[in-house]
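Before any comments, here is the structure.
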Amino acid sequence: MTRTFTMDAPAEECVLDKAGDRLTGAPLDRPDGPLKVSGRATYTHEWQMPNKAFGVLVRATISKGAVKSLNEDEVKALPDVLGVYADERFLRNPAQGMANEAPVQNAQEIAYFGQPIALVVAESFEAARHAAQSLVVEYSIDDDGVFDPEGVNAPHEEPDGQQFHQGDLEGAMKNAAFTVDSVYRTPGHNSAAMEPHCSIASWDGEKLTLRGSYQMLKFNRNELADALGVGAENVRILSPFIGGGFGSKLGIAPEAVAAAIAAKDLGRPVSVTMTRQQVFDMVMRRSESRQRVRLAADSEGKLIGLGHEALVSNLPDEAFLEPVLQATHFVYGGENRRLGLKAARLNRTCAGSVRAPGEAIGMQVLENAMDELADAARIDPVELRLRNIPERDPEKDRPFSSRRFAEALKEGAKRFGWDKRNPTPRAIRDGEWLIGMGMAGAARVNMLMESKARVILNADGTAVIETDMTDIGTGTYAILTQIVADMLGLAPEQIECRLGDTDFPPASGSGGSFGASSAGSSVYVACQELREKLAQLIDCDASELKLEKGSATGGGKTQDLRDILSDETLSALGHIKPGETSDDVRQATYGAYFAEVAVSAVTGETRVRRMLGAFGAGRILNEKTATSQCYGGMIWGIGMALTEELAFDLRDGRIVNRDLAEYHLPINLDVPQIDVMLLPEKDSWASPIHSKGIGELGLCGAAAAVTNAIYNATGVRVRDYPATLDKVLAEL
């Protein structure tokens, strides 16, 4: 049985609302949690396989050119070495998210320092590492590499579809009562997921099984098959547990293709795990940015003009560009608008999706500029934002779907105690510490993606979920279990959730904050089909069917599910597809951040003393996992504000701080107790289960709340992120 649902109109009714003791939305513990905390969840590197060999990637030590030769014979003669590979099918960099085809291949042509160029395989990891370090590479070097996005030799492009002009912004700036015209810079970031990239490849004849740490398996399967030149039907990917992704595992990566090539040649499984340094070198970075924001407001603080122009970078032939302006298009009004994105083409590690691509740095800078406008107009920053929430999409003149932006601003301010803020910078001091409060708005586009799932109702009254959807730590196992529990009236322990296997129906994958809504909707649709079948079996209308505690009630009678099924197993395939609602209305999620900081007047050190986030993201599917996502986003925001930056050597484009000793993440002492408010909301335009994405919303503007608080504490406006103590101290 297959049931397809296309979102061509709002889904006004949702069966989940009729569930008795509703589990969806409750803070259910993760079913996979006990496995993870006890070490029984098998991550990719931990798979034990007979006769497994180990491979280590070799990186380029030039920035542009080609490999001329390798001392392969000498390295192959080393103890326990099984092979040296430099195949033309090797990947230069990972595939972009949802590419569905191989990225640039032939890694012998070098485009950036640290690019993978070869693989050495041995009986042990130690032997492979020693051999890889012994590989001598002779290069032909091109001396025309470009490494500085703002350098005089950096070619800049204005990509089609990335420029928007409406009205007369220059005129608005001239006639406005208050204006802001500021330039901000944000550095590059690395996802630095806890689990490094790893793949184990094994062949059975012409059939490849890849155990890998990947987020979007239906795309990854096709990307891997395309890279190897084999049919996708001959590739199976297994990713039941993933130790974080943040976008870095959206597309197939170099270690997977290299492992598959070596395993085929050797006739035995090959495991390739990137070192932490290789993850920094070879995996997607978030592009740095230079952003100019212009705001023009009337005497009441109402925007009459908005300009946001950004410069980002990527390799010369990569289509992906950090969508910095994504939320600026709709979050605030202003009839005169100029938005534009430029691209610098560099010889640096490939840029791609890192958590909340676009809004993570775009909202951050826009919210800094809004704080500047509030200061210039002497209007409370919360009130300024409330005055500028547009009634309709300011560029496409269409309505918004459900939107809790105003409520997030108001309720967040109340709970945080925003009314106690002194608007005068440097007005509050506690010994050497200058105290201040700051806030920022949050917005992230919402998307629904095509997704499929199978739900099986067994004769014994238990259920099984099968989909190639992944759980990257976001709570997929829990959320899908909760939906089935409510739809079929079962307890969570009666449901088995099977994920991360391309033999299962293809799901949306984890990314773009659309995973839970898309995969959850496909499970919901499958359960709707099962409910109709059950209604037929007990001769009642599906609308009156009530399922709870393993029993079905309808047609004036109640029966045990096992009796109704009578040794029969029911199976349904649910298929969700985006439709016209994606274009009919502007869909997004919203929130607000509030932060209090203390800044040392002696050293310039900033300490975040407390932080609150209020968010509206449609129906919350699991309160605990959603809150956890917001915690993670806000912690990342603290890091973006104060410490995180990729440092590049402008002489050759190499990443200087390529490990977690030098790439500074927030640690426990950097993070205060964080307060998260999840606002009640249902969005019938977004999905049949009325949910929207929340995985990235907690990051989209969070850093600005911290730096705005620094300004309130010190009067120092840091426009070159991160706000390290030297930048603050210089202006104190």
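The values are calculated or read from the model by the stated rules, or taken from the named source; none is laboratory data. None of the values given here were measured: they were computed from a predicted structure. All Cβ positions, glycine included, derive from the backbone under ideal geometry; neighbour counts span all protein chains shown. Please note that ligands, DNA and RNA were not included when accessible areas were found on the heavy atoms of the full protein model with its side chains. Shrake-Rupley method; radii C 1.70, N 1.55, O 1.52, S 1.80 Å.
For T2, nonlocal amide neighbours, meaning residues 5 or more places apart or on other chains whose placed amide H falls under 5 Å from its own, are L573.
Mean sequence separation of contacting Cα pairs (under 8 Å, at least six apart), scaled by the length of the chain, corresponds to a relative contact order of 18 percent. From the largest down, the range 335-449 spans 47, 41, 30 angstrom on the principal axes of its Cα atoms.
Tell me whether the range 454-579 comes out rounded, prolate or oblate; compute the Cα gyration tensor, take square roots of the eigenvalues as a ≥ b ≥ c, and use a/c under 1.5 as the rounded threshold. Prolate shape, in that a/c is at least 1.5 and a/b is the bigger ratio. Counting Lys and Arg as +1 and Asp and Glu as -1 over every other residue whose Cβ lies under 11 Å from the Cβ of N100, the net charge comes to -1. Please compute the net charge surrounding Y43, taking Lys and Arg as +1 and Asp and Glu as -1 over other residues with Cβ under 14 Å from its Cβ. Counting the neighbours of Y43, the net charge comes to 0. Could you tell me the distance between the Cα centroids of the range 366-425 and the range 450-507, to the nearest Å? After rounding, the separation between the Cα centres reads 40 Å. With Cα atoms as the point set, the radius of gyration and Dmax of the chain evaluate to 26.6, 82 Å.
Per-residue SASA remark: K624, around 90 Å² accessible (1.4 Å probe; ligands, DNA and RNA not included).
Each Lys and Arg Cβ is given +1 and each Asp and Glu Cβ -1; about its Cα centre, the range 335-487 then shows a dipole of about 560 debye.
Ligands, DNA and RNA excluded, the heavy atoms of D298 present near 50 Å² of accessible surface to a 1.4 Å solvent probe. Among the protein heavy atoms, those of H156 account for about 90 Å² of accessible surface (1.4 Å probe, every chain in place). Cross-linked pairs K533/K692; K396/K577; K207/K264; K549/K692; K577/K692: Cα-Cα separations exceed 18 Å for K533/K692; K396/K577; K549/K692. Mean projected area of the Cα convex hull of the range 619-732, taken over all directions, amounts to 10.1 nm². Rounded to the nearest 5, the antiparallel percentage of DSSP beta bridges internal to the chain is 75%. In the chain, the DSSP-assigned H stretches of four residues or longer account for a calculated mean residue ellipticity at 222 nm of -7500 deg cm²/dmol, using -39500 (n - 2.57) per stretch and the full residue count as denominator.
The Cα center of the range 37-74 and the Cα center of the range 579-634 differ in position by 37 Å. Charging the Cβ of each Asp and Glu at -1 and of each Lys and Arg at +1, and nothing else, the dipole of the chain about its Cα centre rounds to 1280 debye. The candidates V37, V136, arranged from most to least accessible area with a 1.4 Å probe in the full protein assembly, appear as V37, V136. Excluding R387 itself, calculate the net charge of residues whose Cβ lies under 11 Å from the Cβ of R387, where each Lys or Arg counts +1 and each Asp or Glu counts -1. Taking every other residue near R387 into account, the sum is -2.
Helices of the chain meeting both criteria, an alpha-carbon length of 15 angstrom or more along the long axis and an average Kyte-Doolittle score not below -1.0, with helices taken as full DSSP H segments, are 217-228, 254-266, 359-377, 405-416, 476-488, 515-537, 623-642, 702-714. With the gyration tensor restricted to C-alpha atoms of the range 254-318, the semi-axes of the equivalent ellipsoid amount to 50, 11, 10 Å, longest first.
In terms of its C-alpha gyration tensor, the range 23-85 has an oblate overall shape, because the principal axis ratio a/c (a ≥ b ≥ c, square roots of the eigenvalues) is not below 1.5 and a/b does not outweigh b/c.
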